[in-house]
1. Considering only region 1-47, state which residues are of a type in the set (Gly, Ala, Ser) and assigned to a helix (DSSP H, G or I).
2. Take the residues of region 132-177 that are within 14 Å of residue 193 (Cα to Cα) and among the aromatic types (Phe, Trp, Tyr): which is surrounded by the fewest Cβ atoms within 10 Å (Cβ to Cβ)?
3. The conditions are (1) among the aliphatic types (A, V, I, L, M); (2) closer than 15 Å to residue 84 by Cβ; (3) over 19 Å from the mean Cα position of the chain (by Cα); (4) part of a helix (DSSP H, G or I), and residue 144 fails exactly one of them. Which is it?
4. Condition check: over 20 Å from residue 192 (Cβ atoms), under 15 Å from the mean Cα position of the chain (by Cα) and assigned to a strand (DSSP E or B). Does residue 78 satisfy that?
5. Among 94, 70, which is the only one that is under 26 Å from residue 147 (Cβ atoms) and either in contact with a strand residue (DSSP E or B) (Cβ under 9 Å, 6 or more places away or on another chain) or among the basic types (Lys, Arg) (or both)?
6. Report yes if residue 292 is more than 22 Å from the chain's Cα centre (by Cα) and in a helix (DSSP H, G or I), otherwise no.
7. Of these, 83, 73, which one is more than 22 Å from residue 11 (Cβ to Cβ), hydroxyl-bearing (Ser, Thr, Tyr) and free of Cβ contacts under 8 Å to residues at least 60 places away in the same chain?
8. Restricting attention to region 81-92, and to residues there that are surrounded by 22 or more Cβ atoms within 10 Å (Cβ to Cβ) and assigned to a loop (DSSP other than H, G, I, E, B), which single residue is farthest from the chain's Cα centre (by Cα)?
Amino acid sequence: MRFSFGFPLMAHPQNPDFLAAPAIAELARAAEAAGFDSCSFTEHPLPNDAWLTSGGHDALDPFVALAVAATATTRLRLLTNLTPVPYRNPAILAKTVATLDRLSGGRVILGAGVGYLESEFEAVGVDFAQRNALFDECLEVMRMIWTGESVNYRGSNFSIAQSTALPTPVQSPVPVWIGGNSKLSRRRVAESAQGWMPMPNPRSLASRRRSAPLETLDELALMIAYMRDHAEAVGRTEPIDIQYMDIQVGAVGSPAWNPQLHLENIAALSKLGVTSIAAYLTGDTRSQVAEAIGQYGEEVIASL
């Protein structure tokens, strides 16, 4: 089992103590020392005020922030969790990913999603109704660009005439982990991605997030079974990474934290095919988060 640390930028307004390069570097080093395999940042370039004031959060640009984390570490993988692919032109996003992968020595995992916040699509000038078509075409185009060979492509939304992007990423292919609980997301994973990132999603929030509810391990098992059935149907034989956050055990650093139950759940998740755990951590200050990282490393990672 592998473990991922998500930087604690899930508030509005954010604690400015977290919004500095030294903070990112400090927590990235702490995560690497504790035995984590990856770190992640989420993305929201321009969310609307109503979303922010009703439980949303501010965000750094994930690629810039992950570049800072890369310079502070040597092996920690760099995960976007997640970037809404339709927000960007595929040539620009492909160059950003390739640059980060090259400069980090091949440590990028592109956590990719369709996106759900309609007002944000409007703010970045992208047609919300076309998000699924844009997502699929963007991934297709980026994978062509990442080969380093001349690209000659004409699609529904993008056209490229005999153009080449160098340098290439270190990794071939760049791992793409698709987020989202829908059947469509799981079919995409089975057909063309390296991993899946299901999101624990209470039914009370499912419509707001435009994603299927996911509250129990039994529900997760059914979702995984559907994805595996589709993978078999399309002839896929490569393994699929699955990353999941176990929110049933409380956050490390909170009174609800239950490490023993978490270890039991990890064993159950492993049997389901989960390969990575996104740690559920909390803390209001850098020191509190660093302490929670160390505690998780001692009580969970070192116990396996």
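1. Once the filter is applied, which keeps residues that are of a type in the set (Gly, Ala, Ser) and assigned to a helix (DSSP H, G or I), region 1-47 yields 21, 23, 25, 28, 30, 31, 33, 34.
2. Only one residue fits best here, namely 135.
3. Residue 144 satisfies all of (1) among the aliphatic types (A, V, I, L, M); (2) closer than 15 Å to residue 84 by Cβ; (3) over 19 Å from the mean Cα position of the chain (by Cα); (4) part of a helix (DSSP H, G or I) except (2).
4. Judged against the criteria, residue 78 is a match.
5. 70
6. no
7. Result of the check over 83, 73: 73.
8. The extreme case among them is 82.
The values are calculated or read from the model by the stated rules, or taken from the named source; none is laboratory data. If you're wondering where the values come from, they're calculated on a predicted model, not measured in any experiment. Here the Cβ is made from the backbone with ideal geometry for all residues, glycine too, and neighbour counts use every protein chain on show.
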